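This report refers to the structure that appears directly beneath it.
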Amino acid sequence: MREAVDDHWYPVGLLSGLEDTRKTLLLGREIAVGRNGAGVFVRDAAGRALPTVARFGHLWTSPGQPTRDLFTIPEADTPGRQLVDVGSVRVKCSPLRAVENFLDIAHFPFVHTDILGAEPHTEVERYQVDIREEVDEVWATEVKFFQPQAARSAEGGIKTEYMYRVPAPTCAVLYKTCPPRPGEWDVITLFVQPLTEEWCEVWPWMALYDDQSTMAEMVSFQQMIFMQDRSILENQIPRKLPLDPGMEVPTQADMTSVAYRRWLKRIGYTYGAQLVAA
Ligand SMILES: [Fe+2]
């Protein structure tokens, strides 16, 4: 049986940032998030306790009845990584648009110019995309792209290899070539809290091998990247993510996006989505 929108897990705060009670929205409904003598808590507007999971530096909750555990990222548990709480960015866009933008490589040279991409290296080579039925996730692999500065620790341009994974409707995980550790992947995630269908709190989180940068430097690098995305995201039309094929023309670079939309439609996840052409 498919999970309803309410039955998924959602990020609602940084574990390191929970002190008193903070009010926020989840799927258009007010919740209270915080920490007291008994531990962390999330309550709905009626004061009922919602289930919680503490993982990847964040507190997660669900307003429904989750039938599955929150996904795992085994790579992020390997020792020696810097676990980076990037913080949050509020964006006036559909939570699904925020995830889709994170999956899109083609925008790198134009939005993150001279950092994650640069002209004339704008071509996206053919890569693999599939919906893995056994785990119910979208995966893109063998993605390769030229980057002038792939990470804060990178010196000079390199061809970076990526994998993208969508383990939940409002979460995406990016695995990327790790310059100081060949053979390992850096992990960069985007956890999106749907405040409403057209407004979200984005919580990026990273598990990196980086012995050179300070925590503050890694946070500000990622925040700078995300601020470049924000203005693009807030100007997308339609504001909700269209799920019907043909509403936006797919190109090679959009294959991950096409799979993501198809998967959302298949699992019936429609919060923040537009189903019929306006
Ligand atoms: Fe971006």
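FYI, it's all coordinate maths here, none of it is from the lab. All values reported here derive from a predicted model rather than from experimental measurement. All Cβ positions, glycine included, derive from the backbone under ideal geometry; neighbour counts span all protein chains shown.
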Phi-based couplings in Hz for the range 172-180 (Karplus 6.51, -1.76, 1.60; Gly and Pro marked x)
9, 10, 10, 9, 9, 3, 10, x, x
Assuming 0.36 nm per residue, please report the length gained on full extension of the stretch Thr196 to Arg181 beyond their Cα-Cα distance.
1.4 nm
Nitroxide proxy distance, nm - points 7 Å out along Cα→Cβ at Thr67 and Arg29:
1.9
Would you mind checking which residues have amide H under 5 Å from Cys178's amide H? H placed 1.01 Å from N; only 5 or more apart, or other chain.
Gly183, Glu184, Asp186
Subtracting the Cα-Cα distance of Glu234 and Phe110 from 0.36 nm times their residue separation yields 43.0 nm
For a quick check of your reading of the filter: which GluC sites (Glu not before Pro) in the range 15-76 sit in a DSSP loop and have no more than 10 other Cβ atoms within 10 Å?
Glu19
So what is the relative contact order of the chain, in percent, for Cα pairs below 8 Å that sit 6 or more residues apart?
22
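Just to be sure I understand: if I project the alpha-carbon convex hull of the chain onto a plane and average over all orientations, what area do I get in nm²?
Numbers: hull surface 59.2 nm².
So the mean shadow area of the Cα hull is 14.8 nm².
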What list of ³J(HN,Hα) values in whole Hz, one per residue of the range 221-229 in order, does the Karplus curve 6.51 cos²θ - 1.76 cosθ + 1.60 (θ = phi - 60°) give from phi, with Gly and Pro shown as x?
4, 5, 5, 4, 4, 6, 5, 5, 6
If you put +1 on each Lys and Arg Cβ and -1 on each Asp and Glu Cβ, how big is the dipole of the range 75-274 around its Cα centre, in Debye rounded to 20?
420
Enumerate the amide H contacts of Gly117 below 5 Å, restricted to partners 5 or more residues apart or on another chain; note that Pro and chain-start residues carry no placed amide H.
Gln149
Let me have the 222 nm mean residue ellipticity of the chain computed from DSSP H runs of 4+ only, each contributing -39500 (n - 2.57), with the sum over all residues rounded to the nearest 500.
-5000 deg cm²/dmol
Find me the longest stretch of the chain that has none of the exposed trypsin sites (Lys or Arg not before Pro), where exposed means in a DSSP loop (not H, G, I, E or B) with at most 13 other Cβ atoms within 10 Å.
127-278
Once Lys and Arg get +1 and Asp and Glu get -1 on their Cβ, which of Phe221, Leu25, Pro120 lies farthest toward the positive end of the dipole of the chain?
Leu25
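So, counting K/R as plus one and D/E as minus one, what does the shell of residues with Cβ under 10 Å around Gln65 add up to?
With Lys, Arg at +1 and Asp, Glu at -1, the net is -3.
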